[in-house]
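Accompanying notes for the structure given below.
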Amino acid sequence: MGVDDYPIITVRDGAYERGRQHGEQARDRVGRTVEIYRAAFSNTAGLSWPDALERAAGFARVIGTQDPAILEEMRGIGDGAGFSLEEIVAVNCRTEILYGGRKRGIPDPTAHECTTIAVSPWASASGTTLLGKNWDWKAACRESVIVLQVAQDDGPDFVMTVEAGMVGRDGFNAAGIAICGNLLRSVHDGGKPGDPVPIIRRRALNSTRLDAAFGAVLDANRSASTNYVIAHESGVIVDFEASPEQVYPVYPERGLLTHSNHFTAVAAQVQGIGLLTGPDTLYRHQRVRDLLEPKIGQITVEDVQQALTDHVGYPRSVCRHPEGPEGTDQTMSIASVVIDLGARVMYVASGPPCSHPFREVRLPAAAGEGARDARHAGVAAG
């Protein structure tokens, strides 16, 4: 593992014990997550830490009723890392706390997140489903990200990249289901409390059936708009553009789907619910499609990795780089992931993929001594 590579942490057993192992092994990074969002809640949402924890306590009651095992895992994370349950819940509810209190219809100019690619088996060279994403977020969060391999007693094993202390993000599971997300904004955000985004993603990763993974989004009591791309090893790919009021399904065209941070479904346009997180969203998803469309039928893992290094519109490009003075609330591609569901492997770059090599990470049962540091051919460090 290189000096700048994110730690790969393996946890096992029941919910509380998994959380405790997570918290103990990533104690410093959990602490950094809490520190980052304590400041962000104040700066972005105007909330003191006690106010944020009060909101988190309300979310905890809801999570405990609907997902008691997930709440126990968060309790274990807190105990392992030395934080209260409410502090761990607060960082897991960061989207809802950061943006839920903003005046409805007013986007946050600092909210820039992610470009996603999905490739059907008949569009890929390997005949397998591919899913890729650049995770664009606060540059400071590079100090908190981990790669988590989870062996569950009560659900399928899975792998995900995540901010330490959180229970759900981008990854894939042993049932051949993968999920990636993109921030969306709509005029309906902030109007009601609801299920935190990491909980919805974790429900999808806990699913052994495709319909249950879809139901994690469709049946959720959503309070924040988010895009969820759910892919299955069979080649089924559905992109759910979800607002608190409605979900708009979007499907691949010619076996290729790309997405950034605005609603693309015709129904969403007609209803006029969408807001942009930033102008760059309008070209990022089109850039990766333009790069990959000529290769449909022969798209490789390396092709997806290469598309994610694109610098058109730099620094607010697909491969995003910090701008502005150091110490400001900079954003960048803090991680890049490409998932090959047929091979059950996720390739992870620990920063902008133009300058960070991809590492291979497998499910815990297949990890042996841990994830290999093999650099996947196709994208060299620059």
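A short reminder: the numbers here are calculations on the coordinates, not readings from a lab. Model, not experiment: these values are computed from the prediction. All Cβ positions, even for glycine, are placed from backbone atoms using ideal geometry, and neighbour counts span all protein chains on display.
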### Message
Let me test this: with uniform point scatterers at the alpha carbons of region 289-356, what is the Debye-based log₁₀ I(q)/I(0) at q = 0.22 1/Å?
### Response
-0.97
### Message
Using the Kirkwood radius over C-alpha pairs as Rh, can you work out the diffusion coefficient of the chain via Stokes-Einstein at 20 °C, viscosity 1.002 mPa s, in µm² per second?
### Response
106
### Task
For region 75-84, just list the computed ³J(HN,Hα) in residue order, Karplus coefficients 6.51, -1.76 and 1.60, θ = phi - 60°, integers in Hz, with x standing in for Gly and Pro.
4, x, 4, x, 5, x, 9, x, 10, 6
### Query
Where does the longest stretch of the chain lie that holds no GluC sites (Glu not before Pro) found in a DSSP loop with 16 or fewer other Cβ atoms within 10 Å?
1-244
### Query
For region 134-258, rounded, prolate or oblate, judged on the Cα gyration tensor with a ≥ b ≥ c (square roots of eigenvalues), a/c < 1.5 rounded, else prolate if a/b > b/c?
rounded
### Query
Quick one: what do you get for region 3-64 if you divide its Cα Rg by 2.2 N^0.38 Å?
1.38
### Query
Near residue 61, within a Cβ-to-Cβ distance under 15 Å, what is the net charge of the other residues, with Lys and Arg +1 and Asp and Glu -1?
-4
### Rounded D (µm²/s) - region 204-360, Kirkwood Rh over Cα pairs, Stokes-Einstein at 10 °C, 1.306 mPa s
93
### Query
How big is the Cα convex hull of region 244-315 in projection, averaged over all directions, in nm²?
5.7
### Summary
When 49, 137 are arranged by how many other beta-carbons sit within 10 Å of their Cβ, fewest first, they go 49, 137
## Note on the structure
Ranked on Cβ counts within 10 Å of their own Cβ, fewest leading, 232, 311, 259 go 311, 232, 259
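Relative contact order for the chain: what percent, with Cα pairs under 8 Å and sequence separation of 6 or more? Mind dumping the intermediate values first?
Details: 973 pairs, mean separation 70.5, N = 382.
Once normalised by length, the contact order is 18 percent.
If each DSSP helix of 4+ residues adds -39,500 (n - 2.57) and the sum is divided by the residues in the chain, what number results at 222 nm, nearest 500 deg cm²/dmol?
Working: 11 runs with 120 residues, N = 382.
Theoretical 222 nm ellipticity from helices: -9500 deg cm²/dmol.
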### Message
Neighbour counts of other C-beta atoms within 10 Å: give me 172, 358 arranged from fewest to most.
### Response
358, 172
